[in-house]
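Below is one structure, written out as structure tokens; comments come after it.
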Amino acid sequence: MLVLLALAGCGKLQNDINVPLPTYNADLVVECYLEPGKVPSLAVTTSVPYLSAVLPQVPTDVTVTLTMPNGTQVRLPFNPNYKALVDTTSGVKFHSHIGTTPLVAKSGDVFKLDVVDTKGRHATATTTMLAPITIDSVNYKFNDKTGTERKAYFLTNFRDPPALDDCYRLQLHKGNPAKGALLKSPEVDMSVEDRLLNGQNITLGTSYRFYPGDTVTATLYHIERAFYRFRQSVRDARQANGNPFANPSAVYGNVEGGIGIFAVLSATTTQKILR
Amino acid sequence: MIVNYSLRYYFLLFALALGAPRFARAQNPARYTLSGTVRGGHGETLPGASVAVPALNTGTAADSLGRFSLSLPAGRYRLVVAFIGYEQLTRELNLTHNQRLSFDLAESGNELSEVVVEGAATLEQKLKTTQMGVEHLSIAEAKLLPALFGEVDILKTLQLKPGVQSGGEGSSGLFVRGGSADQNLVLLDNTVVYNPNHLFGLFSVFNSDAVQSVDLYKSGFPAQFGGRLSSVVDVKLREGDRQHYVATGGVGLISSRLTYEGPINKGKGSFIVSGRRTYFDIFTRALNKANENKEDYSPIPDYYFYDANLKANYALGEKDHLFLTGYLGRDVFGFSSTGGFNFNFTWGNTIGTLRWNHVFSPKLFVNTAVSVSDYKYDLTNKLDQFSFGIGSNIRDYTGRVDAEYTPTDRHLIKAGAMLTQHRFGVGRLDANSGDGRVNFGADVTYYGLDGALYASDNYKASDKLQLEGGLRLTGFRSGSDQYAGLEPRAAARYALNERTSFKMNYALMYQYVHLVTNSGASLPTDIWYPSRLSVMPQRSQQVSGGASFLLGQGKYLLTDEVYYKWGKNQVDFKDGAQLFVNPELDTEFIFGKSWAYGNELYLEKKTGKTTGWIGYTLAWSWRNFQPQRDLPGINGGRDFHPSYDRRHNLTVVVLHQLNARLSLTASFIYSSGSLTTLPLGRFGVQDIPGSSVGIDPRPVPIYPDRNSYQLIPYHRLDLGAVYKIGTRRNQDLTLSIYNAYNRRNAYFVFFDTLRDKATGRTTGFAAKQVSLFPVIPSLTYNFRF
């Protein structure tokens, strides 16, 4: 019996295997988040065979045109900041193309994006800037513990507009914004829709995870359904790899002829120092 | 074909079908009826026992209550009553009038008989019946076979039969002849069990101490069964010892069982109560306590399951019998984090059935039953004053009447009716806070009414030819949507000689309730959804044929069956479907067709010291989901195989009685690797500023066609031994060695991200194969006092 038990414990239950994958045809991957007051930029890469080299493939033959709400077409030149691909500290995002003048945008403005390369790949997308949603209040509450165990949860409250089909993304960053805290990974990053709470007050909370003295910045994005669905489908696709209980999921964006997402960020922020 | 017009036409058909036997009876006035019950040594009824009249080359098998009825010409006969595992009984009879007799069979002294019992299916009976595509399994047989963690599981034993695939390593899920797991009608004493699994499918809900037997119908479905497309899994509970109070139980690697049974009112009835509970949680709590002071302490969640069975029966008189069945099972998963977060997840079935059996005459029995079946899950999260809960359930209230009528020894007529009210709690959500700041809820509930009428006649046209015809009229209503379907069933057997018979059958089935799942596995959060709006009833038809040969002086039965099954309105879900608390859930479905075909070869040996079977299945399963509405279809509308499609499947089961105390068993299974979906490509997402630093290192997989990659072939050898101890041999030690040669079968394959240990940077990607179970020995102690 002891021999059998010993045998049961021997050997690994996870092994490397060789998986011959068929030929894969790469698509253009477009990621563009416009922000009012900031110079428009975007990242154009291509998808790659899964087991190929790590770094993303950045095509150099891509022409990008941004169409403004008034119909003006603006070329975004190829001007990549390759350093951002390997920089793991600054929080600066990679862009392959970038404009020259800050964006002017207001609620309801429609923008269009046109991406084409010399191989005939052509991706297009359209997005609309949504009205920012005010954060009504933020609250926190500490638990009864002391020392390093004393932690608080954090609540963000806002009201959903009467019309259905609003989607939101809330980020909570910890630290001093003046020292670049808002460029780093957030403490909390969640997406919700108003399907079950249309027109009502919405409260989003966290677990006990903030300490006395923390500065918490809440950023509430009012996002398009396409952006919400893109994030959900990216999450589902990631979870399906390595989860025997999940069904493989396609990624849904708003980029026709390619993969990716095009959005205008509409955000409100508020800060709280936890005492 | 689904029709929505008047039911009167079908009532007329049933009236004709039920009226036909009256003429047949009028033509045989000189015959007498011999009826009665066959019981075993403890007073338990013996369903499937054979009562034969060799002089007339006729006989019958006892029904599920151990009753039999034969119509014979007047005369002197020698009756032979037999049931494997019991001493054969011979009795002389002078039949001059209708007679009622009871036979009590003594348990055989040959321990092997218990080993090899296969209920109704003595090989000769199996050869002669019109029914094909059915597997009968007694718990005595299942208890001898090696089992994962020593937990005897009657559903997993069924996976060793040809035409039945498992969902994956260790899973109790059944995939029968190309059908999906939700297309199996699982019945416990005739009441539907909506989720027959514990622990995500690793164990079935059926406690081996409480179960008497199970019948699996893969084709040729009798008319009394309906509501699912693929198979019927008919589980019967034991009735309990009618003569003595007996305690049985067992202590195993992961659970313990205790059963108590005995007579009621001096043998007028009997009862059995049985319980089982796992004890993972006792170990995990001890581990948590030991580690709670460590810096990197992360508590292991609590998990356990339990189930309890009750069955009682009582004879109200010579002609009336009451039966009560109850089941309660729960899985409990709980977690409390150091951050004050409490998570509780419970799920399980509750079942109750009350059945009244009335004998109108030796030729006519009627069962009237009312039952309730409920499956639910509840998930709650709590943090300080905030609570958040979701849940779902399905609850059925059913009434049914089933009659069996034997007008002559050439006809066995069955007819009945059933009506079920379904309540589909498709999704419930509530969120609250103590200060009232948060207070909302949502609930999506539907109701359905499900009805059926059926009639069938098993007609023995001659010694060589036996025919069975049946008709089932089904109807379903949910809100203003209503459907009706006519389900013909037909079977025929032609006996070429005493040792060879040919069989064919056809069945059409409708399924009005659908399992909403986005996973290939059985998850407790899967919910049931009625046919309504665009979700039409699923339909399948199956035709099968085969030949059976008795070989080696009746010691072996060789059966070869071929089948073709085709279905429409099969359901699947679009990618990223919103399945929870969605009042427009029907828009998340997509619909397609399926077809499956194959050949099943089966060689059985049921007598002698060495018994067992060899089964081989060659099969294909296909599905096709064309683009529809604004959806692209699955795999671009091309034909594809479901994940459980296995081209080859071989099982070899051997049971050997070494001596009166020791039995040895072995089972071997080989099957083609299951199909899975692997990503072909990937891309990176860097997200908005302030979301992550640089490009998110987690790649986003791009999945092409479904199920385009085949895992390595699956094979496994299990070994077992049962050693009886004690002077009365009423205790035993059961040794199981699961996966004896420690084969690393593939549970799933994924692409791992490789990182530099020092910097955390991604350095590459590699394919990994994950196996679930290595060799697992287990020892179980069982007793009977």
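Every number in this text was worked out from the coordinates using simple rules, so none of it is lab data. Given the structure is predicted, the values throughout are model-derived calculations rather than measurements. Heads up, the Cβs are rebuilt from the backbone with ideal geometry, glycines too, and the neighbour counts pull from every protein chain shown.
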Over chain A: helical MRE at 222 nm, DSSP H runs n ≥ 4 each giving -39500 (n - 2.57), nearest 500: -3000 deg cm²/dmol
Which net charge results when you count Lys and Arg as +1 and Asp and Glu as -1 among the other residues whose beta-carbon is under 11 Å from that of B:ILE702? 0
Got a sec? Charge dipole of the protein assembly as shown, +1 on Cβ for Lys and Arg, -1 for Asp and Glu; which of B:ASN782, B:THR33, B:TYR217 is way out at the positive end? B:THR33
What lysines sit close enough to B:LYS460 to cross-link, taking a C-alpha to C-alpha distance under 16 Å and skipping anything fewer than 8 places away on the same chain? B:LYS126, B:LYS128, B:LYS414, B:LYS503
Return the percentage of antiparallel bridges among DSSP beta bridges fully within the protein assembly as shown, rounded to the nearest 5 %. 95
Using alpha carbons only, how many degrees (0 to 90, rounded to 10) separate the axis of helix B:8-26 from the longest principal axis of chain B? 30
For segment A:113-167, with +1 on Lys and Arg beta carbons and -1 on Asp and Glu, the positive-most of A:THR118, A:ASN157, A:GLY147 along the dipole: A:GLY147
Under the helix-only model (-39500 (n - 2.57) for each DSSP H run of 4 or more, divided by the residues of chain B), the mean residue ellipticity at 222 nm, to 500 deg cm²/dmol, is -2000 deg cm²/dmol
Ascending count of other beta-carbon atoms within 10 Å, so fewest first, for B:TRP347, B:TRP566: B:TRP566, B:TRP347
Rounded to the nearest 20 Debye, what is the dipole magnitude of segment B:339-481 about its Cα centre when Lys and Arg each give +1 and Asp and Glu each give -1 at the C-beta? 300
Proximal lysine pairs, chain A, alpha carbons under 14 Å, eight or more residues apart or interchain: 9
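Work out how much length B:LYS266 to B:TYR32 would gain on full extension: take 0.36 nm times their residue separation and subtract the Cα-Cα distance, in nm to one decimal.
That pair, B:LYS266 and B:TYR32, stretches by 81.0 nm at full extension.
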Computed ³J(HN,Hα) along segment B:186-196: with the Karplus parameters 6.51/-1.76/1.60, θ = phi - 60°, integer Hz and x for glycine or proline, the list is 9, 10, 10, 6, 6, 10, 5, 10, 7, 10, x
Would you tally the net charge around B:ARG472, using a Cβ to Cβ cut-off of less than 12 Å, leaving B:ARG472 out, and scoring K and R as +1, D and E as -1? +1
Count, for each residue of A:45-57, the Cβ atoms from other chains sitting within 10 Å of its Cβ, then give me the mean as a whole number. 6
So what's the net charge close to B:ALA492: Lys and Arg +1, Asp and Glu -1, counting the other residues with Cβ under 9 Å from its Cβ? +1
Calculate the spin-label point distance for B:LEU662 paired with A:PHE142, positioning each point 7 Å from the Cα along the beta-carbon direction, and give it in nanometres. 7.1
Residue by residue through B:747-755, how many Cβ atoms from other chains fall within 10 Å of the Cβ on average? 4
Rounded to the nearest 10 degrees, the helix B:280-291 long axis (Cα) sits at an angle to the longest Cα principal axis of chain B of 30
For B:LEU779 and B:TYR506, extending 7 Å from Cα along the Cα-Cβ vector and measuring point to point gives, in nm, a value of 5.8
Protection-proxy order for peptides B:393-404, B:528-539, each taking the mean of Cβ atoms within 10 Å per residue, highest first: B:528-539, B:393-404
Along the charge dipole of chain B, Cβ charges K/R +1 and D/E -1, which of B:ASN381, B:VAL51, B:THR130 sits furthest on the positive end? B:VAL51
Sort B:175-185, A:172-182 for me by packing, meaning the mean count of neighbouring Cβ atoms within 10 Å per residue, highest on top. B:175-185, A:172-182
Magnitude of the Cβ-charge dipole (Lys and Arg +1, Asp and Glu -1) of segment A:28-129 about the Cα centre, nearest 20 debye, reported as 60
Kindly list the residues of segment B:486-503 that lie in the label zone of B:VAL80, defined by a backbone N under 20 Å from the point 7 Å along the Cα-to-C-beta vector. B:495-501
Residues of segment A:239-258 with backbone nitrogen within less than 12 Å of a virtual label 7 Å along the Cα-to-Cβ line of A:VAL19, please, listed as ranges. A:240-244, A:248
With x for Gly and Pro, the residue-by-residue ³J(HN,Hα) of segment B:40-48, computed from phi through the Karplus equation 6.51 cos²θ - 1.76 cosθ + 1.60 at θ = phi - 60° and given in whole Hz, is x, x, 9, x, 6, 6, 10, x, x
Residue by residue, what Karplus-based ³J(HN,Hα) values in Hz, rounded to whole numbers, does segment A:118-135 have, using 6.51, -1.76 and 1.60 with θ = phi - 60° and x for Gly and Pro? 7, 8, x, 7, 9, 10, 9, 7, 9, 9, 10, 7, 8, 5, x, 10, 6, 7
Partners for B:LYS236 among lysines (Cα-Cα distance below 18 Å; same-chain residues under 8 apart left out): B:LYS143, B:LYS156, B:LYS218, B:LYS311
How fast does the protein assembly as shown diffuse by Stokes-Einstein, in µm²/s, taking the Kirkwood radius from C-alpha pairs at 10 °C and 1.306 mPa s? 49
Spin-label point model (7 Å from Cα, Cβ direction): what's the B:ASN497 to A:GLN239 distance in nm? 6.4
What are the residues whose amide H is under 5 Å from the amide H of A:ARG159, where those residues sit 5 or more places off or on another chain and H is modelled from the backbone? A:ASP136, A:ILE202
Computed about the Cα centre, the charge dipole of chain A from +1 Lys/Arg and -1 Asp/Glu charges at the Cβ has a magnitude in debye, to the nearest 20, of 740
